[in-house]
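Report on one structure; see the data block that follows.
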Amino acid sequence: MNTPRTLRPVVLGLVAVLVLGACSAAAAPSGSAGPADSPSAAAPSTNPSDGTGAGSSGDIGQTDPSLPIGGAIDPTPVDPGLGQAKLVIPRPGQLCPHPVGAASLEPAVTGRHVLVKVTWWSGVEPCNVLDSVLVARSGTDILIELVEGSGDANAICIEIAEQKATIVDLGELEPGTYTISAGGKGDAKPVTVTVS
């Protein structure tokens, strides 16, 4: 992909921030705050038969077990068109996992079923791989947090940013109005959805 000259410093700066952030997360002491250390967090589910969805996300902080919170779902593989994000699915077990900020949240409601497309900027694989999606719910507030890691500690990747997206299945929700927000330091604004 050819990047216009005016965007090259922005893209290179973004990649540098991502690389430095990943390195600082790797060098952080084991007691540092992260998704698993936050007060309402718990380890993501790894059992796909426990009713939480894809097995790469969990129902962190969920107060009502009768309202399932899903996880990232397997989107239909498509090559992104110009200006579109590359759809990816979580691949648990990446090296040096760390939270990344989302750029946008796009919910879709069909009846009582809610899906959210989460978009963010990242580096290329195997240096930057979506490891998991953490979903926390407290009442009508739903928090989605993306966790990336590296698929190969010895990989050398081109320094270019790419836009990625994943689809998070929140499952069937009770009627009401919900606020969905993203964890991390991204630019995603919280969104509100109403389930009838």
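The figures follow:
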quantity	calculated
Test for Gly171: is it of a type in the set (Gly, Ala, Ser) and not in a loop (DSSP other than H, G, I, E, B)	yes
Qualifying position, being touching a residue at least 60 places away in the same chain (Cβ under 8 Å), surrounded by fewer than 22 Cβ atoms within 10 Å (Cβ to Cβ) and on the phi > 0 side of the Ramachandran plot, among Gly171, Gly101, Gly151	Gly171
Set Val109, Val124, Val116: member being surrounded by 14 or more Cβ atoms within 10 Å (Cβ to Cβ) and more than 19 Å from Ala85 (Cβ to Cβ)	Val109
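We did not get these values from a lab; they are worked out from the coordinates using the rules stated. Quantities reported herein were computed from a predicted structural model and do not represent experimental measurements. With ideal geometry, Cβ positions are generated from the backbone for all residues, glycine too; neighbour counts draw on all protein chains shown.
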